[in-house]
1. I'd like the trypsin sites (Lys or Arg not before Pro) in segment 1-86 restricted to DSSP loop residues with at most 12 other Cβ atoms within 10 Å, sorted by number.
2. Relative to the compact globular guide of 2.2 N^0.38 Å, what is the alpha carbon radius of gyration of segment 85-202, as a ratio?
3. Rank His241, Met225, Met282 by how far each Cα sits towards the positive end of the charge dipole of the chain (+1 on Lys, Arg Cβ; -1 on Asp, Glu Cβ) and give me just the farthest.
4. Here are a few candidate values for Rg/Rh (Cα atoms, Kirkwood Rh): (i) 0.94; (ii) 0.98; (iii) 1.07. Which one was actually calculated from the structure I just gave you?
5. Please work out the FRET efficiency for the pair Leu135 and His113, using the Cβ-Cβ distance as r and a Förster radius of 22 Å; give the result to the nearest 0.05.
6. Filter the GluC sites (Glu not before Pro) in segment 223-307 down to the DSSP loop ones having no more than 15 other Cβ atoms within 10 Å, then list what survives.
7. Filter the trypsin sites (Lys or Arg not before Pro) in segment 235-310 to those in DSSP coil with at most 12 other Cβ atoms within 10 Å of their Cβ, and list the result.
8. I need Asp141, Asp209 ordered by Cβ neighbour count within 10 Å, fewest first.
Amino acid sequence: MLPVVVVHGGAGHVPRTRAELSTAGVCSATRAGYNILKGGGSSMDAVVETVTQLENNPVFNAGCGSVLNVKGEIEMDALVMDGKTLGSGAVSAVRNIANPTQLARLVMDQTSHSCLTAEGASQFARAMGIPEVPLESLITDYSRMRWKENLAPGANPVECQMGKMGTVGAVAVDTEGNIACATSTGGILNKMEGRVGDTPCIGSGGYADNNIGAVSTTGHGEAIMKVTLARLILFHMEQGHSVEAASDLGLAHMKSRVGSLGGVVTVDPQGHWAARFNSLQMAWAAAQKDTLHYGLYTGEHFTQDLDDPH
């Protein structure tokens, strides 16, 4: 069963013009993560590399495709968690960093803290030698267009956002049975300056524990935080539920309790995995036993030999 990596590119509705790009993006990133695991690399190395690739892909709402806040600026959040030690690192409201996930890992590895925010995170990045990138390099024409549309009186950015989620994340189990998760996002459309969602919050945007499993979540951050979705799903797994059943129970609770939809990728220590969502779509992919699994709509599950070129 091991190793395995499972990836999501955000839950919601992917416009037809971007659906193929979303699916191709998660498949490509999954291959990269699986190659690390096959080479004996750690689950943490795998999820960070996977999510870094998604941050570098302008199709997703993370890194260089991040949505803009009400002022037309980018503020990004990211989280990593190591299931072996329960160590975690997160950053929130970072601006001039191409790969917030890599910075989150440095917070975990190089500080005694779990989360750094805004200017403090930027100062830490400079101290770690991470180059700052111009804000303009992270803003796409698509993000700017959607920002302008949602400035109009009567616009509902949360409704619009639910249609076009793009938070990205990954979970993995390596050959030694160690588990990790990583999640990264640009947040929600036209958010207030300084708004931080579920992504960098341990137990909400993600959670990893070698004894239970790992989850990375996507959806409306405020709703996910209310039910601490990632940890809730792992609680159901502790009660004996399978990865699929636990994921569905967590998502159903969020829908019934706070009326919100979303999606998750989940693994357990044995390498069982799930990509579950109750939104219209979620681009997802998984790699295990040299097979690539992927899909976009509910019930969709394609497979492909990983040795196939693409």
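FYI, it's all coordinate maths here, none of it is from the lab. Predicted model only: the values in this text are computed from it and were never measured. All Cβ positions, glycine included, derive from the backbone under ideal geometry; neighbour counts span all protein chains shown.
1. Working: sites: Arg16, Arg18, Arg31, Lys38, Lys71, Lys84; in loops: Lys71, Lys84.
Those that pass, being in a loop and sparsely packed, are Lys71.
2. Numbers: Rg = 16.0 Å, N = 118, 2.2 N^0.38 = 13.5 Å.
Compared with the compact-globule rule of thumb, segment 85-202 sits at 1.19.
3. The Cα lying farthest towards the positive end belongs to Met225.
4. (i)
5. Values: r = 25 Å, r/R0 = 1.15.
It comes to 0.30.
6. Working: sites: Glu238, Glu244, Glu300; in loops: Glu300.
Sparse-neighbourhood loop GluC sites (Glu not before Pro): Glu300.
7. On the way: sites: Lys255, Arg257, Arg276, Lys289; in loops: Lys289.
Passing sites in segment 235-310 are Lys289.
8. On the way: Asp141 8, Asp209 21.
Going from least to most buried by this count: Asp141, Asp209.
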